[in-house]
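This report refers to the structure that appears directly beneath it.
The values are calculated or read from the model by the stated rules, or taken from the named source; none is laboratory data. Note that the structure is a prediction, hence the values are computed from the model and not measured. Here the Cβ positions follow ideal geometry from the backbone for every residue, glycine too, while neighbour counts run over all protein chains shown.
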Amino acid sequence: MSGGRPLRIQIVTQYFPPEVGAAQTRLYSVAQELRRRGHEISIVTAMPNYPSGRVQPEYRRRRLVREDLDGLRVVRTWIYAATGRNAIKRLASYWSFTLSAMVGCWASGRADVVMVESPPLFLGLTGYLYARMRRSRFIFNVSDLWPASAKELGIITNPALLATAERLARFLYRHADWVSAVTPGIAEAISAADPRARVALLPNSVDVELFQPVSDPAVEQWIRPGETAFIYAGTHGYVSGLDVILDAAERLSDRRDVVFLLVGDGADKPRLERLAESRGIANVRFVPPQPLLAMPALLSASRASVVPLRSAKFFKRTLPAKILPSLACGTPVLHCGDGDAARLIEQGRCGLVVPPERGDLLANAVLRLADDRKLARDLGANGRRLVEERYGWPRAVDAWLSQIGLDGHGPATTPAPARRDSGAAE
């Protein structure tokens, strides 16, 4: 820590390891970076259940668990586990942890700073109330503009519920000591929703020591010799729009050397498996969730990583966290989308971009990289260089601490709203 006393920082999140996912990896990395700077870090989280919607066996029928995870003090509390597009069950899951997390906060002890991850939006209430009772600073970390995303995707359609959620979001933006955003686009949207909000940027980043080009013979259980693999690694959920990969795979069924790996789990996985079987798509392999330490080798062995998103306006402001580990492994990204993520890939010359939900254009991009190994290698090298220079966690956390005045140099001033023309690379 560069000056000042170590702080007790409590991170409240519904998602955390041993769950596998972008949010879990990001928050674990942030917590470890803060710990390396001498701060005392505690985590209040739910019993592991994501993305399957089932609590992992060793945590079932338990109300509160205390454990140590690589030097982090973790308190886990009960949750009604649910996933998928059933809005009532998802809201019940969110609210169950919103309530039980308050018990976890008190069990975790006093904190100088309470940092809450959103979504779920409602968890911000827990953090706000606990921080005020403890006279702690309250930081609201926004990685998805909820309920805007739920509204646009049709997950929540009740006007009264949407209006209530929007009012809650504005309340939390206004009353947080700082609101953190993971992209400049999200930062701008928060400032537009409430110009009085103090907004800082904590962008998605990557552990460049863990994620780097490596080889491991173990990957041959999924990628056979002579095959050219294109990998999707992440949650199999509605928002990802993984149908586009099945469409591309079906169009390339005559290319026996090209295979698609869908690595992970999620509410949409059973439907995708049934769809692939009914359409006779044999060049797609559904790979179960893999340990974090196994992912660099799988990414490195793939010709490219496919990162699709559905066609929705709010996705223009997102930078899918799964892009950066792929680039760190020297693996170019095929992105089906537009906005911040597309600009990052195009400006960094580290992959190819096609419009969302266009299986024909994705198939063409796959063929281009399958038939041009040098192009894929050059794009991958550009990606590795980009993350080394701009997207390592130490740099991101240092800049964030400076913005919010927790770097030991006194209070920070409110930053100017993020410029949209800066792109996701800022």
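Kindly indicate whether any position in region 345-354 is surrounded by 21 or more Cβ atoms within 10 Å (Cβ to Cβ), among the small types (Gly, Ala, Ser), not in a helix (DSSP H, G or I) and not assigned by TED's automatic domain parsing to the domain that holds Tyr50. Yes: region 345-354 contains one or more residues that are surrounded by 21 or more Cβ atoms within 10 Å (Cβ to Cβ), among the small types (Gly, Ala, Ser), not in a helix (DSSP H, G or I) and not assigned by TED's automatic domain parsing to the domain that holds Tyr50. Restricted to helices (runs of 4 or more DSSP H) entirely inside region 143-193, those with at least 2 residues that are at pLDDT 90 or above and within 19 Å of the chain's Cα centre (by Cα) are 184-193. Just checking, does region 87-95 include any residue being surrounded by fewer than 18 Cβ atoms within 10 Å (Cβ to Cβ), of a type outside the set (Phe, Trp, Tyr) and assigned to a loop (DSSP other than H, G, I, E, B)? No, that holds for no residue. Among the residues in region 224-242, are any among the charged types (D, E, K, R) and either outside the structural domain of Pro356 (by TED's automatic domain parsing) or not in a loop (DSSP other than H, G, I, E, B) (or both)? No, region 224-242 contains no residue that is among the charged types (D, E, K, R) and either outside the structural domain of Pro356 (by TED's automatic domain parsing) or not in a loop (DSSP other than H, G, I, E, B) (or both). In region 275-302, which residue that is under 18 Å from Tyr50 (Cα atoms) and surrounded by fewer than 14 Cβ atoms within 10 Å (Cβ to Cβ) is farthest from the chain's Cα centre (by Cα)? Out of the qualifying residues, it is Pro288. Please indicate, with yes or no, whether at least one residue in region 214-224 is touching a Ser or Thr at 6+ places or on another chain (Cβ under 9 Å) and closer than 21 Å to Ser52 by Cα. Taking every residue of region 214-224 in turn, none turns out to be touching a Ser or Thr at 6+ places or on another chain (Cβ under 9 Å) and closer than 21 Å to Ser52 by Cα. For first residues located in region 280-295 and under 24 Å from Pro213 (Cβ atoms), partners that are of a type in the set (A, V, I, L, M) and assigned to a loop (DSSP other than H, G, I, E, B) and lie 6+ apart or on another chain with Cβ distances below 7 Å form the pairs Pro289/Val20; Leu292/Val20. Scoring Glu19 on the criteria (1) at pLDDT below 95; (2) within 16 Å of Ala107 (Cβ to Cβ) leaves a single failure, condition (2). Here is the figure for region 174-212: residues that are touching a strand residue (DSSP E or B) at 6+ places or on another chain (Cβ under 7 Å), of a type in the set (Ser, Thr, Tyr) and crowded, with 22+ Cβ neighbours inside 10 Å total 2.
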